[in-house]
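To start, the structure under review is shown below, and the notes come after it.
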């Protein structure tokens, strides 16, 4: 993909990060952490970057739905966040589909000159075959479809969100949003073997065994995650990338935590590089 410079990135050094989360089809910002316990999905990342001396602001209440629905809400939330905290310049860190939302929103001149970089983590820049499999669930997995409906997960309603994430849909998105940028585009990619997936992701992959033919992080194929300046590849799954299951309480989690730290290090190196030039 070719990048054309349309404007200018922020001329100010910044230690401010604004975070865009990925798709959550139940709409909230929390990730269940156990019985009677839920925590914001960005909490581990926020703690990590605060330790590194950065201000970390998540875009809250992005909701769920079609990409256009989420973009509309997120653009409004981002504008309010910038105004509330009087932010002059910032980096955007975006996980999963949050990267596509950020790419679309940043085409707006409203944010020109404020953004230093957009770093995407496991974003499906070429789509994900898992979206196709979910869209075909009623036809090919009718028993699973009925079970999901029985437990209150309305697949037909939520399929609207997945329809924007198929390889074909994202190919069309890339044609519409190929114009770049007055900020630095960068990405991190991830993959793990199916045996090393976190238990929620193992469950998803067991439901869709056809997805196992691709090298992936449990949700997004590795080949789809490269975009802009590729900062590195890391052996983490879709939850571990943002710090879940990372505390070093066991030998396994110690390895995950070290890999998570390495991934944050390469992002910080980019931020330091850009700050030194401003």
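Remark: spin-label model distance residue 69-residue 107 equals 2.1 nm, labels positioned 7 Å along the Cα→Cβ axis. Full extension of the segment from residue 175 to residue 86, taken as 0.36 nm per residue of separation minus the current Cα-Cα distance, would add 28.7 nm. If the Kirkwood radius is taken over C-alpha pairs of the range 71-138, then at 25 °C and 0.890 mPa s the Stokes-Einstein diffusion coefficient equals 183 µm²/s. Going by neighbour counts of Cβ atoms within 10 Å, the residues 15, 277 line up, fewest first, as 277, 15.
Extension gain, residue 52 to residue 204, is 51.4 nm, computed as 0.36 nm per intervening residue step minus the present C-alpha separation. Peptides 164-176, 109-121 ranked from most to least packed give 109-121, 164-176, packing being the mean of other C-beta atoms within 10 angstrom over each peptide's residues.
Kirkwood analysis of the range 203-242, using all unique Cα-Cα pairs, places the hydrodynamic radius at 11.2 Å. Ranked by how many other Cβ atoms sit within 10 Å of their own Cβ, fewest first, the residues 96, 187, 108 fall in the order 108, 187, 96.
In this simple spin-label model, placing a label point 7 Å from the Cα along the Cα-to-Cβ direction at both residue 254 and residue 272 gives a separation of 2.6 nm.
Laboratory data are not the source of any read-out in this text; all were calculated from the coordinates shown. It should be emphasised that the depicted structure is a prediction, and the values quoted were computed from it without experimental measurement. Glycine also receives a Cβ, built like all others from the backbone with ideal geometry; neighbour counts cover every protein chain displayed.
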